[in-house]
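**Student:** Okay, here's the structure, questions in a sec.
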Amino acid sequence: MGQVLENLSKQKLRGGYYTPQPITEFLCNWCIQQNTKNVLEPSCGDGNFIEAAILRFKELGVVGEDLKGRIKGIELIEEESIKAKSRAANLGLNSNTIENNDFFHYLSSNGEVKFDAVLGNPPFIRYQNFPEEHRKLAIEMMQNLGLNPNKLTNIWVPFLVISASLLNANGRMAMVIPAELFQVKYAAETRVFLSKFFERITIVTFKKLVFANIQQEVVLLLCEKKVNHGKGIRVIECENLEDLKSINFKSINGSNVKAIDHSTEKWTKYFLEENEIALLKKLRKDKRVISCSDIMEVDVGLVTGRNEFFMLKEDQVKQWKLKPYTIPVASKSNQLKGITFSETDFSENSKAQNSIHLFIPPNEDFEKLPKVCQKYIEYGEQQGFNTGYKTRIRKRWYITPSLWVPDAFALRQVGDYPKLVLNETGASSTDTIHRVRFKDGVDRNLVAISFFNSLSFAFSEITGRSYGGGVMTFEPTEIEEIQMPRLADLPIDFDHIDALIRKRKVEEVLDIVDEALLVNHHGFKKEEVAVMRGIWKKLSQRRINRKK
């Protein structure tokens with residue numbers, strides 16, 4: 001247990017303790033009001049929020065004996081709880097302000113406890129890395145609230161949900177939360193819970209990453225159980241921490257609040273204006289619009305288990321004399337320049353010494369293999385490539401499974417824009433690129449062209465997930481969920497579109513396809529198409545501009 005807590009401590013220090021002072025002050029100033037009687041910090045670390053909460057109470061005239069008993073901080077790591085106690089003591093609070101305990105065990109042993117305010121920065125720890133005894137209790141508490149978390153759940157989720165359940169009727173909650181809340185599937189149930197539990201949710205976001213040395217976007221989640229007006233959700237976007245000083249909640253009060261959708265849909269759409277959200281909602285029900293899943297199936301690329309061994313450069317293939325025992329594989333998105341991956345493209349990537357030759361010997365026992373294969377496999381074993389998890393669990397560690405050749409490729413990670421790339425070779429792809437099978441009767445050229453439209457690009461930005469650093473990631477099911485206009489024969493030259501994409505002239509392509517498919521064929525108004533294009537540009541530029 002000690003080692004687990006040691007590892008846990010290191011993870012928490014990376015994700016939860018060093019909350020910048022402007023954030024702790026901002027959240028405490030918003031959350032702690034004149035009539036706030038008691039405050040909880042469920043994961044207080046070394047006391048950043050505790051100190052800010054004490055100073056906020058003093059600012060409101062709550063001092064001396066009147067301050068005692070108002071703040072409760074819980075911290076699992078003893079070393080950090082001692083630091084928090086010291087900081088609280090220096091500001092006049094007694095030692096029982098901070099309790100060295102697990103938040104969930106503290107609740108189970110203290111009965112029904114309610115608070116006017118809950119605030120903090122809960123730990124960002126994967127489900128499987130959280131100690132079992134604490135994890136089990138946290139999951140049980142969530143289930144008692146009617147939720148059904150799965151093993152993908154990060155531990156910040158039960159901290160958030162259970163903290164919310166501890167609020168009094170007019171309570172407020174202010175938390176630093178990963179921006180994953182907006183978009184990951186494991187937080188879908190949490191989004192529904194929050195939307196129903198609180199009458200108003202305000203989310204403060206930043207155009208720049210605000211935690212030093214962490215490529216993780218965070219948001220400030222401000223939740224109110226009861227409000228007189230302005231019920232719903234709103235997003236306030238700041239350039240940086242300095243902008244927090246300019247937010248005046250008294251002046252904005254209930255303004256800029258949008259109606260909240262009590263569904264599992266991602267919250268990325270709330271960065272948009274009301275008319276933009278309304279258009280996306282209307283398009284989902286439009287008979288001229290389909291999902292990519294109606295015309296294709298998307299699956300992950302093959303997993304070698306050790307690319308360093310299996311993925312070879314052209315020179316390595318020659319050196320080991322392995323050409324008869326390799327197959328072509330696309331291994332990185334920058335190898336897919338156009339909307340088609342041709343033999344010429346493969347050849348150029350090969351000559352550039354990209355690792356795109358997959359070693360695949362006959363599926364036979366070692367003794368039956370050709371000598372050149374045996375020699376290379378022996379080299380791999382000397383390097384320990386056969387001891388990794390993926391290779392170790394195979395019947396023959398040197399045989400990569402799932403080698404099927406797709407009709408097309410879909411980018412798993414996207415910088416500027418998504419695309420489908422037709423596979424004109426016998427190549428497969430590694431798991432950095434998704435594999436696509438078109439359904440029977442689908443015109444593949446038409447799909448590749450038609451995917452380049454403002455409607456699909458807009459939906460891609462609210463379907464994918466961005467974790468900071470500007471890149472958007474798609475799981476196979478998320479590619480399938482992207483909306484597309486129904487296919488139609490278009491007077492568009494395939495080779496011309498391919499050439500434009502290779503030159504990265506994506507907006508010129510969008511102009512061509514939007515005009516032919518959305519406006520001329522399907523009858524969308526040019527004003528509607530302009531809004532679609534605006535949605536894509538707004539969300540993609542926001543995402544890209546968050547790079548440090």
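**Student:** For the stretch 60-103, build the charge dipole from Cβ charges (+1 Lys, Arg; -1 Asp, Glu) around the Cα centre, then report which of Leu91, Val63, Phe103 sits farthest towards its positive end.
**Tutor:** Val63
**Student:** Using 0.36 nm per residue, how much length does the chain from Lys525 to Arg288 gain when fully extended, once their Cα-Cα distance is taken away? Before the final figure, lay out each step's value.
**Tutor:** Values: separation 237, 0.36 × 237 = 85.32 nm, distance 1.31 nm.
Difference between extended and current length: 84.0 nm.
**Student:** Next question, about the same structure. Taking a cut-off of 27 Å between Cα atoms, list the lysines near Lys368, but don't count ones fewer than 8 places away on the same chain.
**Tutor:** Those lysines meeting the cut-off are Lys313, Lys318, Lys321, Lys323, Lys390, Lys395.
**Student:** Let me ask another. Please give me the summed charge of the neighbours of Leu500: other residues whose Cβ is under 11 Å from its Cβ, Lys and Arg +1, Asp and Glu -1. Provide the component values of the computation, followed by the final result.
**Tutor:** Values: positive: Arg502, Lys503, Arg504, Lys505; negative: Asp493, Asp495, Asp498, Glu507, Glu508, Asp511.
Residues near Leu500 contribute -2 overall.
**Student:** Take the alpha carbon gyration tensor of the stretch 134-240, find the square roots of its eigenvalues, order them as a ≥ b ≥ c, and report rounded if a/c is under 1.5; if not, report prolate when a/b exceeds b/c, else oblate.
**Tutor:** Values: a/c = 2.00, a/b = 1.12, b/c = 1.79.
Since a/c reaches 1.5 but b/c is at least a/b, the shape of the stretch 134-240 is classed as oblate.
**Student:** Here's a follow-up. Might you tell me the accessible area per residue for the stretch 34-85, computed with a 1.4 Å probe and given in Å²? Show your work: numbers first, answer last.
**Tutor:** On the way: 2130 Å² over 52 residues.
Using a 1.4 Å probe on heavy atoms only, each residue of the stretch 34-85 averages 41 Å².
**Student:** Percent relative contact order of the chain, based on C-alpha pairs within less than 8 angstrom and at least six residues apart? Don't skip to the end; give the middle numbers.
**Tutor:** On the way: 968 pairs, mean separation 65.5, N = 548.
Computed value for the chain: 12 percent relative contact order.
**Student:** To continue, here is another question. Taking the Cα centre as origin and putting +1 on Lys and Arg beta-carbons and -1 on Asp and Glu beta-carbons, what dipole magnitude results for the chain, to the nearest 20 debye? Mind dumping the intermediate values first?
**Tutor:** On the way: 77 positive and 70 negative charges, 67 e Å.
That gives the chain a dipole magnitude of about 320 debye.
**Student:** In debye, nearest 20: dipole of the stretch 102-207 around its Cα centre with unit charges on the Cβ of K, R (+) and D, E (-)?
**Tutor:** Details: 11 positive and 9 negative charges, 81 e Å.
Magnitude of the dipole: close to 380 debye.
**Student:** When the dipole is taken about the Cα centre of the stretch 375-513, and only Lys, Arg (+1) and Asp, Glu (-1) are charged at their Cβ, what size is it in debye, to the nearest 20? Don't skip to the answer; put the middle values down first.
**Tutor:** Details: 18 positive and 20 negative charges, 177 e Å.
Using only the charged Cβ atoms, the result is roughly 840 debye.
**Student:** Using +1 at the C-beta of Lys and Arg and -1 at the C-beta of Asp and Glu, which of Ile492, Met532, Gly469 has the Cα lying farthest in the positive direction of the dipole of the stretch 466-548?
**Tutor:** Of the listed residues, the answer is Gly469.
**Student:** How long are the semi-axes of the ellipsoid equivalent to the stretch 329-427, from square roots of 5 times the Cα gyration tensor eigenvalues, in whole Å, largest first?
**Tutor:** Numbers: eigenvalues 183, 45, 34 Å².
Computed over the stretch 329-427, the values are 30, 15, 13 Å.
**Student:** When DSSP assigns beta bridges and you keep just the ones with both residues in the chain, what percent turn out antiparallel, to the nearest 5?
**Tutor:** Working: 37 of 62 bridges.
Of those bridges, close to 60 percent are antiparallel.
**Student:** Treating the angle as unsigned and between 0 and 90°, give the value, to the nearest 10°, between the Cα long axis of helix 371-382 and the longest Cα principal axis of the chain.
**Tutor:** Helix 371-382 sits roughly 20 degrees off the main axis of the chain.
**Student:** Show me, bin by bin at 10 Å from 0, the whole-percent P(r) of the stretch 248-315 based on Cα pairs.
**Tutor:** 13, 25, 22, 15, 17, 7, 1
**Student:** Taking a probe of 1.4 Å, how large is the accessible area per residue of the stretch 228-329, in Å²? Could the numbers behind the result be given before it?
**Tutor:** Details: 5680 Å² over 102 residues.
Counting only protein heavy atoms, the per-residue value for the stretch 228-329 is 56 Å².
**Student:** Okay, moving on. If you roll a 1.4 Å probe over the chain with all protein chains in place, what percent of the accessible area is carbon or sulfur?
**Tutor:** Working: 11300 of 24070 Å².
Ligands and nucleic acids excluded, carbon and sulfur give 47 percent.
**Student:** Another question, if that's okay. For Arg200, Arg486, Arg504, give the ranking by accessible area with the largest first, probe 1.4 Å.
**Tutor:** Working: Arg200 15, Arg486 115, Arg504 140 Å².
Ranking Arg200, Arg486, Arg504 by accessible area, largest first, yields Arg504, Arg486, Arg200.
**Student:** Which sequence of Lys526, Lys371, Lys225 reflects their accessible areas, 1.4 Å probe, from the largest down?
**Tutor:** On the way: Lys526 125, Lys371 160, Lys225 40 Å².
Most to least solvent-accessible, the answer reads Lys371, Lys526, Lys225.
**Student:** Next question, about the same structure. Relative to the longest principal axis of the chain, what angle (0 to 90°, nearest 10) does the C-alpha long axis of helix 2-12 take?
**Tutor:** Approximately 90 degrees, to the nearest ten.
**Student:** Using Cα pairs under 8 angstrom and six or more residues apart, how large is the relative contact order of the stretch 446-497, in percent? Don't jump to the answer; show the numbers that get you there.
**Tutor:** On the way: 40 pairs, mean separation 23.6, N = 52.
45 percent.
**Student:** Sort His496, His134 by heavy-atom solvent-accessible area, probe 1.4 angstrom, most to least. Before the final figure, lay out the partial values.
**Tutor:** Working: His496 85, His134 10 Å².
Sorted descending by solvent-accessible area, the residues read His496, His134.
**Student:** Against the longest alpha carbon principal axis of the chain, how many degrees, from 0 to 90 and to the nearest 10, is the axis of helix 21-31 turned?
**Tutor:** Roughly 60 degrees, rounded to the nearest 10.
**Student:** Keeping every protein chain present and rolling a 1.4 Å probe, give me the accessible area per residue for the stretch 402-548 in Å².
**Tutor:** Working: 5560 Å² over 147 residues.
Accessible area per residue, the stretch 402-548: 38 Å².
**Student:** Hey, how many Å between the Cα centroid of the stretch 448-497 and the Cα centroid of the stretch 514-548?
**Tutor:** Value for the Cα centre distance between the two parts: 11 Å.
The values are calculated or read from the model by the stated rules, or taken from the named source; none is laboratory data. Quick caveat, the model's predicted, so the values are computed rather than measured. All Cβ positions, glycine included, derive from the backbone under ideal geometry; neighbour counts span all protein chains shown. In case anyone asks, the SASA skips ligands and DNA or RNA and just uses the protein heavy atoms, side chains included. Shrake-Rupley method; radii C 1.70, N 1.55, O 1.52, S 1.80 Å.
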